Structure formats: structure tokens, C-alpha cells
Amino acid sequence: MSRKYELHGGQRGSALGVRVTPRASRNQIVDVLNDGTIKVHLVCDPADEAINTELIAYMAEVLGVPKSRVEIVAGENGRDKLVSVLDMDVDTAQQRVLAHMD
């Protein structure tokens, strides 16, 4: 069963639904689904414990924030994750994500 996430604003930041596909040729945002979930391809192997670290680093780069402001708050062990971004409103996050899509 696939969990449904939507982008929404929080008091201190934004929450982004992310679906990770490992074993990509490069890190990239490939799509934003109808429910707002961001599809991200990462170079990491799915068994690699560093996949969450890689996702945080990549999302921080995309959003232009320090890694310390990006946190996986749900789905650490699955493909579908909920990523919190502190001190950024949802509109800014969406604009920056869309700007990095191929």
C-alpha cells in the first residue's frame, strides 16, 4: 500500500512527501505526482544505510538550505518518506523543487 503525502505548511517550515528510487545514474528530481509527492532518483544502493543521508544532502542542495534544516520525519526505512524543511514556507520549497526538475 502506498502512502499519500501532500505538501503543506507548518509553523516552522514545510513538509515534503518524497518517493525515493535508488540505483540511479545521478541524483535528480524526476517528477511531482498529483498528490504532491516528489519523485527523487538517488545514486545510492537501496541496502545502503547512507541513502537517508544522501537524500538529506541532496534535498538541502536543491532547496538551498543547510543539511541541519532538513530531516526525515517519517518513512526512514521505506521508499516513501516525509521530509521536514525548517524555516522555509511551502511555496518557496515547491518553487525550488520545480526549478531542479529535469
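No lab work stands behind these numbers, since they all come straight from the coordinates. Being a predicted model, the structure only gives us computed values, none of them experimental. FYI the Cβ positions are ideal-geometry reconstructions off the backbone, even for glycines, and counts take in every protein chain you see.
Summary table below
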| item | result |
| --- | --- |
| Footprinting exposure proxy for LEU16, LEU33 (fewest neighbouring C-beta atoms within 10 Å first) | LEU33, LEU16 |
| Nonlocal amide H pairs with ALA24, under 5 Å, H built at 1.01 Å | LEU42, VAL43, CYS44 |
| GNM flexibility winner over the chain from GLY13, GLY78, GLY36 (Cα, springs under 10 Å) | GLY78 |
| Using alpha-carbon coordinates, inclination of helix 51-63 to the longest axis of the chain, degrees | 40 degrees |
| Shape of the chain, Cα gyration tensor, a/c cut at 1.5 | rounded |
| Computed FRET value (nearest 0.05) for ALA47 with GLN95, which takes r as the C-beta separation and R₀ as 30 Å | 0.30 |
| In Hz, Karplus ³J(HN,Hα) per residue of region 67-80 (6.51, -1.76, 1.60; θ = phi - 60°; x = Gly, Pro) | 4, 5, 9, 10, 9, 7, 9, 7, x, 3, 9, x, 6, 8 |
| Sequence-separation-based contact order of the chain, relative, with Cα cut under 8 Å and 6+ spacing, percent | 32 percent |
